[in-house]
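Heads up: the structure comes next, in structure tokens.
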Ligand code: ADP
Ligand code: MG
């Protein structure tokens, strides 16, 4: 298990001004923030990031949404970072997310679900490298 994962505070949560509360939960759960920046993804960047979902019916909607406004990309450090961050996020569908998870409290739908988290150490490394250079990690 690696101690790094990658997260995004998605455009819905940034539009709603929830980034401060979400960052506060991340720090409160014991993560260290190793990298963080506000970006506005192009449609092409979003398509590249979610290429694994290219065949899914929701792909176009997902890429439109992820390029619809600014988002916060983050590199998070904690022991067993990947499962720890997914647990704090909650289930993909907020209707199924556990109490006190970020998606339960801030997501509005299965598509606009406030946050992203890597699903494996291998994908965390790929996703970190997609948005951050080594020099940007402190
Ligand atoms: P997770 O973000 O929990 O890892 P997935 O990797 O399965 O979930 O899906 C990536 C993202 O695609 C989700 O976070 C959500 O924004 C969107 N998504 C997933 N399933 C659907 C769906 N059925 N309808 C619309 N958007 C979806
Ligand atoms: Mg996923």
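A count restricted to the range 111-134 and to residues that are more than 12 Å from residue 52 (Cβ to Cβ), within 12 Å of ligand 2 (Cβ to nearest atom) and not in a helix (DSSP H, G or I) stands at 4. Among the residues making up the range 31-68, those that are closer than 22 Å to residue 136 by Cβ and exposed (fewer than 14 other Cβ atoms within 10 Å of the Cβ) are 37, 38, 39, 40, 42, 44, 48. Filter the range 58-75 down to the residues that are under 16 Å from residue 14 (Cα atoms) and in contact with a strand residue (DSSP E or B) (Cβ under 7 Å, 6 or more places away or on another chain), then identify the one that is farthest from ligand 2 (Cβ to nearest atom). For the range 58-75, the residue satisfying everything is 70. Quick check on my filter: what residues within the range 20-57 are away from ligand 2 (no atom under 16 Å from the Cβ), closer than 22 Å to residue 83 by Cβ and not in a strand (DSSP E or B)? Within the range 20-57, 22, 23, 24, 25, 26, 27, 28, 29, 30, 31 qualify. Go over the candidates 117, 28 one by one and state the one that is exposed (fewer than 13 other Cβ atoms within 10 Å of the Cβ) and modelled with pLDDT of 95 or more. Of the residues listed, the single one that is exposed (fewer than 13 other Cβ atoms within 10 Å of the Cβ) and modelled with pLDDT of 95 or more is 28.
Among residues of the range 108-127 that are within 17 Å of residue 88 (Cα to Cα), those with a Cβ under 9 angstrom from a residue that is assigned to a loop (DSSP other than H, G, I, E, B) and within 11 Å of ligand 2 (Cβ to nearest atom), sequence gap 6+ or separate chain, pair up as 110/92; 113/92; 124/118.
Looking only at the range 24-57, residues that are touching a residue at least 40 places away in the same chain (Cβ under 8 Å) and closer than 20 Å to residue 127 by Cα come to 10 in all.
The values are calculated or read from the model by the stated rules, or taken from the named source; none is laboratory data. Computed from a prediction, not measured in an experiment: that's the story for all the values here. With ideal geometry, Cβ positions are generated from the backbone for all residues, glycine too; neighbour counts draw on all protein chains shown.
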